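The values are calculated or read from the model by the stated rules, or taken from the named source; none is laboratory data. Computed from a predicted model, the values in this text were never measured in an experiment. Ideal geometry is used to build each Cβ from the backbone, glycine not excepted, and the neighbour counts take in all protein chains shown. Each accessible area value is taken on the protein alone, full model and side chains, heavy atoms only, with ligands, DNA and RNA left out. Shrake-Rupley method; radii C 1.70, N 1.55, O 1.52, S 1.80 Å.
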Amino acid sequence: MLELYHASGSLCSQKVKLVLAEKNLEWKSHPLNLLTFENLQPSYIQLNSKGVVPTLIHNDKVITDSAIIIRYLDEQFLHPKLTPAEPAFVEKMSYWIGLQDKFPMVELIYGNFRGIEGLVLRRSVQIKERLIPKLMQANSGLKEQYAAKLKDVNQLNSTIRNAKEIESINAKIEPLLEQLDEQLRQTDWLCGTTYSLADTVWTAVLNWLDELKFGYLWADNKHPALRAYFNRLKARPSFITAIKSDEMPLPMILAGLRRIFLSI
Ligand SMILES: N[C@@H](CCC(=O)N[C@@H](CS)C(=O)NCC(=O)O)C(=O)O
């Protein structure tokens with residue numbers, strides 16, 4: 001039995017959901033509401049010390065971090081294999097996953113989201129800065145974990161409030177897309193002729209960039225190979241299952257809005 005702690009719309013959860021869908025695996029869903037800070041509750045911190053989604057449970061084993069989870073799933077569930085057979089392509093897959101992992105997507109999302117969603121996300125970070133010290137005080141056994149979380153949250157808040165830093169993160173998107181485009185002019189998928197874990201990771205990222213209105217970077221005649229690739233990714237059934245149907249249920253949205261704006 002596979003169990004996944006995840007959140008609707010979360011980039012890192014989507015990477016795992018894509019792999020589960022590609023492999024047609026059944027899983028038990030434990031949705032967390034990040035807007036009511038369920039991920040910061042002591043019971044979840046005990047499972048995932050960083051208080052982030054996703055977390056996978058398989059045969060009583062707890063696995064955290066999306067890059068580790070997707071590799072684990074590919075090792076445990078062989079059909080279809082999402083790691084290329086040739087060592088050179090395996091190396092390439094690690095390169096593409098690592099490149100994405102190093103890119104500050106959280107800062108990019110929190111710094112660029114416009115409208116009400118952006119406001120909600122940025123307010124949630126400020127609320128976390130006040131909430132975590134209280135949780136730390138009430139749960140002395142988890143002091144270290146909450147202290148580390150608070151540091152991360154303070155860092156995130158300082159980055160997203162700094163327009164220059166967000167601008168400099170944004171300026172790194174196009175060179176990244178150019179790298180992808182160059183590869184995709186040579187091969188259909190990032191690691192050759194077959195779809196791999198690298199493609200699942202970049203599906204979630206490109207979709208988020210599109211949501212954040214960076215899709216113009218591969219529109220028109222810019223990066224045509226990347227544009228065709230994104231269309232191929234969107235045509236896969238896994239995209240519908242893991243991303244298009246990944247909407248936050250209304251009661252969760254309302255609970256989140258109440259928490260963020262009315263502190264209830
Ligand atoms: N490196 C981790 C990052 C996980 C992560 O940052 N998850 C975000 C959602 S995409 C989260 O849980 N944010 C809530 C929070 O930090 O409070 C992974 O890939 O699993």
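Restricting attention to segment 135-157 and to residues that are free of Cβ contacts under 8 Å to residues at least 24 places away in the same chain and within 15 Å of the ligand (Cβ to nearest atom), the residue that is nearest to the chain's Cα centre (by Cα) turns out to be 155. Considering the conditions (1) in contact with a Cys (Cβ under 8 Å, 6 or more places away or on another chain); (2) more than 16 Å from the ligand (Cβ to nearest atom), residue 96 is excluded by exactly one of them, (2). With segment 105-184 as the region, which helices (runs of 4 or more DSSP H) entirely inside it contain at least 3 residues that are closer than 27 Å to residue 48 by Cα? In segment 105-184, 105-112, 115-138, 143-160 are the helices (runs of 4 or more DSSP H) which contain 3 or more residues that are closer than 27 Å to residue 48 by Cα. Any residue that is touching a Pro at 6+ places or on another chain (Cβ under 9 Å), farther than 30 Å from residue 167 by Cβ and basic (Lys, Arg) - is there at least one of those in segment 13-21? So far as segment 13-21 goes, yes, one or more of its residues are touching a Pro at 6+ places or on another chain (Cβ under 9 Å), farther than 30 Å from residue 167 by Cβ and basic (Lys, Arg). Quick check: anything in segment 156-165 open to solvent by 50 Å² or more (accessible area, probe 1.4 Å) and of a type in the set (A, V, I, L, M, F, W, C)? Yes, because at least one residue in segment 156-165 is open to solvent by 50 Å² or more (accessible area, probe 1.4 Å) and of a type in the set (A, V, I, L, M, F, W, C).
Within segment 27-46, identify whether any single residue is under 21 Å from residue 156 (Cβ atoms), touching an Asp or Glu at 6+ places or on another chain (Cβ under 9 Å) and not hydrophobic (A, V, I, L, M, F, W, C), and answer yes or no. Scanning segment 27-46, I find at least one residue that is under 21 Å from residue 156 (Cβ atoms), touching an Asp or Glu at 6+ places or on another chain (Cβ under 9 Å) and not hydrophobic (A, V, I, L, M, F, W, C), so the answer is yes. Can you find a residue in segment 13-34 that is open to solvent by 30 Å² or more (accessible area, probe 1.4 Å), closer than 21 Å to residue 245 by Cα, at pLDDT 95 or above and within 11 Å of the ligand (Cβ to nearest atom)? Looking through segment 13-34, at least one residue is open to solvent by 30 Å² or more (accessible area, probe 1.4 Å), closer than 21 Å to residue 245 by Cα, at pLDDT 95 or above and within 11 Å of the ligand (Cβ to nearest atom).
Please determine whether any residue of segment 103-116 is of a type in the set (Lys, Arg) and within 16 Å of the ligand (Cβ to nearest atom). For segment 103-116, residues of a type in the set (Lys, Arg) and within 16 Å of the ligand (Cβ to nearest atom): absent. Residues that are in contact (Cβ under 8 Å) with a residue 40 or more places away in the chain and out of contact with any helix residue (DSSP H, G or I) (no Cβ under 6 Å at 6 or more places or on another chain) within segment 43-54 comprise 46, 47, 48, 50, 52, listed in sequence order.
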